[in-house]
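Notes to accompany the following structure.
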Amino acid sequence: MFRFVVLAGLLLVGVHGIGQDTCVVFQPSSSTISIATQGAAAPILLSADDWPGVQLAAADFATDIQKVTGVLPTLSNVTASNATTAISSKKSKAISTPIIVGTLGKSSLIAQIVNATNLDVSSIQGHWEAFMSLEVENPLPGIGNAYVIIGADKRGTIFALYDHSEQIGVSPWYWWADVPVTTHSGLFVESTGCSHGSPSVKYRGIFLNDEQPALQNWATEKFTNGTAADLGPFGAPFNHFFYAKLQVRVDFAAQSKLSLASMFGIDDPQNQFFADYFGVVMGTSHQEPMMRSTPNEFSYEGKGPWDYETNANNINAYWRVGIERAKPYESIISIGMRGFGDMPLSETENIALLQNIVNTQQGIISSVMNEDSASVPQLWCLYQEVEGYYDDGLQVPDYVTFLWTDDNWGNVRRYPTQSERNRTGGAGIYYHVDFIYEQMSLAVEREANRIWILNVGDMKPYEREIEFFLNLGWDATRWNPDNLDSFISSWAQREFQVSSSDAATVTDIVGNLTRFNSRRKPELLNSTTFSLISYRE
């Protein structure tokens, strides 16, 4: 269930870029490089051997520049030997200083630049999802200078591009929430560029849940023939979903039995492929182990009852298919087992049986992946009764990430102890939105920072809360109680193009609304909360 949030704000660094250092400006100076000005745009260069997701993000960046300025930059895959030819063969009004994009260890173009210029990339090399950008002189033969954007890995490059898109005036929610683009006649970047190290939380994800009927019916109407008999393929809405999530720096998404596709890996066999293609790590929710959308998939093609005591062989075979299906792609595998409908297995299930389940799952993962299961990212969500099993002695492999949960009232049940913080799998949080800053700041302090998953219910209208959570996970060092009050105002200015005074009105409305709602949430109500006969009590 999704809850209303008591939400303060985040620090805004520039109206267009919330929670990030800004290197984009809208007036030229002696220290800037032109992206687009006077009807011309800088060409964007990258190499064909870079990640597909980087190619997509670079194309998005080019079209975002067009949205802001009306000028579409050229986009070319080049090599060091033909880069100048690619530039000179384009429109005569193209800016001579190109933008060069690429990933360390993947892009041959970036490798050439680093080797030829002795460019120092030590600040990002080997750092998860880090990136840097700056002006480089003589990066390639025949090119005097260029603005170079480098990611330490696939998503580092992708996030660098989308950060620049937000800074130039394109909201992360441009498509999903119809946010108008802020237009400018000129775009420039500081020659020192932007940079970001590894995020505070390694995997920052969302879990779509409870979005039937709103989101699923919308997807059915807009992307299929509109009948219940045609619920797939769902490639188009998922592509928009992946695009929006990468723009707010999501790197992980948990499929759900209630998601856009109720059987993510079956409704459209290309779903997992495209998630990986975009650069999104996929997993499943706390009740859906081994990369299968249970109970839907088991009801569809499983054999026998969902009872491990009596039907272990068929359930093991079912799980094996889920791991085989996910093998080619970047995934985080949920382990353990719950009953159908997100319920406890049964009163008769015991720790010994669950221990056997976990051990068997490790064998399946190792066998299918053809590697030690310790090297495969896995999580165990300690949700409701599952935490009790752990407290009573259930042994979980040290390399599995513990995902601690809230109590369905907004409070994280507990954080890792000092000894648990030494586990190689680390810890994370599975959270239903309530008091984000308070609870997630404690999570960072207690080192529950390997995986954060936010149960967002439906995607709309919770864009603001989603972005708050993800900004916190991206860089928790930015936020403290003294600088939280500007987020809603800044978000309103960016999303609605309102003045600061109008944004203050929005802040007041939203702040009071969420505060009032939090005082009487549905789960806090019962037959004695309000009188049925005394009005206006």
ARG519 accessible area, assembled protein chains, probe 1.4 Å, Å²: 140 Å²
Just going by the charge dipole of the chain, with Lys and Arg at +1 and Asp and Glu at -1 on Cβ, which of GLN395, GLN362, ILE323 is farthest out on the positive end? ILE323
Run the quick spin-label model on THR424 and THR310: label points 7 Å from Cα toward the beta carbon, then report their separation in nm to one decimal. 4.0 nm
Pairs LYS222/LYS460; LYS67/LYS245; LYS327/LYS460; LYS106/LYS202; LYS222/LYS245: which exceed 24 Å Cα-Cα? LYS327/LYS460
Among VAL400, VAL498, what's the order by accessible area (1.4 angstrom probe), most exposed first? VAL498, VAL400
The stretch 52-190, relative contact order [Cα under 8 Å, separation at least 6], %: 28 percent
How large is the charge dipole for the stretch 400-512, taken about the Cα centre, if only the Cβ atoms of Lys, Arg (+1) and Asp, Glu (-1) carry charge, to the nearest 20 debye? 520 debye
Give me the percent relative contact order of the chain, please, defined on Cα pairs under 8 angstrom at least 6 residues apart. 18 percent
Accessible carbon and sulfur surface of the stretch 406-537 relative to its total accessible area, %, 1.4 Å: 52 percent
Give me the distance in nm between label points sitting 7 Å out from Cα along the Cα-to-Cβ direction at GLN355 and THR79, one decimal. 6.0 nm
antiparallel share of DSSP beta bridges within the chain, to nearest 5, in %, is 35 percent
Euclidean distance of C-alpha centroids, the stretch 51-124 and the stretch 446-523, integer Å: 34 Å
Going by Cα centres, the stretch 353-414 and the stretch 312-329 are how many Å apart? 17 Å
Within the stretch 282-405, what percent of beta bridges assigned by DSSP are antiparallel, to the nearest 5? 10 percent
Calculate the dipole size of the stretch 32-186 relative to its Cα centre from +1 charges on Lys and Arg beta carbons and -1 charges on Asp and Glu beta carbons; express the result in debye to the nearest 20. 420 debye
In whole Hz and in residue order, list the ³J(HN,Hα) couplings for the stretch 265-279 that follow from phi through the Karplus curve 6.51 cos²θ - 1.76 cosθ + 1.60, θ = phi - 60°; x for Gly and Pro. x, 10, 3, 9, x, 8, 4, 5, 4, 6, 4, 5, 4, 6, x
What's the extension gain from SER531 to THR477 if we count 0.36 nm per residue and subtract their Cα-Cα distance? 14.8 nm
Cysteines in the chain lacking a second Cys C-beta under 4.7 Å: CYS381
Quick query: amide H of CYS381 versus all other amide H atoms, modeled in the peptide plane; which residues come in under 5 Å with a sequence gap of 5 or more or a different chain? ILE335, LEU403
So, taking all protein chains as they sit and a 1.4 Å probe, how much accessible area belongs to CYS194, in Å² rounded to tens? 10 Å²
For THR117, THR477, write out the residues from largest to smallest accessible area, computed with a 1.4 angstrom probe and no ligands counted. THR477, THR117
Nearest 5 percent is fine: what portion of the DSSP beta bridges confined to the stretch 397-521 is antiparallel? 10 percent
Label zone at SER195 (point 7 Å along Cα-to-Cβ), backbone N below 11 Å, the stretch 109-151: 120-125, 131-134
Suppose accessible area is computed on protein heavy atoms with a 1.4 Å probe; arrange VAL433, VAL181 from highest to lowest. VAL181, VAL433
Counting only helical runs of four or more DSSP H residues, what would the 222 nm mean residue ellipticity of the chain come to if each run contributes -39,500 (n - 2.57) and the total is spread over all its residues? -10500 deg cm²/dmol
Rg/Rh for the stretch 131-213 to two decimals, with Rh computed the Kirkwood way over all alpha-carbon pairs. 1.08
Tell me the accessible surface of GLU447 in square angstrom (1.4 angstrom probe, heavy atoms of protein chains only), to the nearest ten. 90 Å²
With every protein chain kept in place and ligands, DNA and RNA left out, what is the accessible area per residue of the chain? Probe 1.4 Å, answer in Å². 40 Å²
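The values are calculated or read from the model by the stated rules, or taken from the named source; none is laboratory data. These figures come from a predicted structure and were not determined experimentally. Every residue, glycine among them, receives a Cβ derived from its backbone with ideal geometry; neighbour counts consider all protein chains shown. When the accessible area is computed, the model is the full protein with side chains, heavy atoms only, and any ligands, DNA or RNA have been set aside. Shrake-Rupley method; radii C 1.70, N 1.55, O 1.52, S 1.80 Å.
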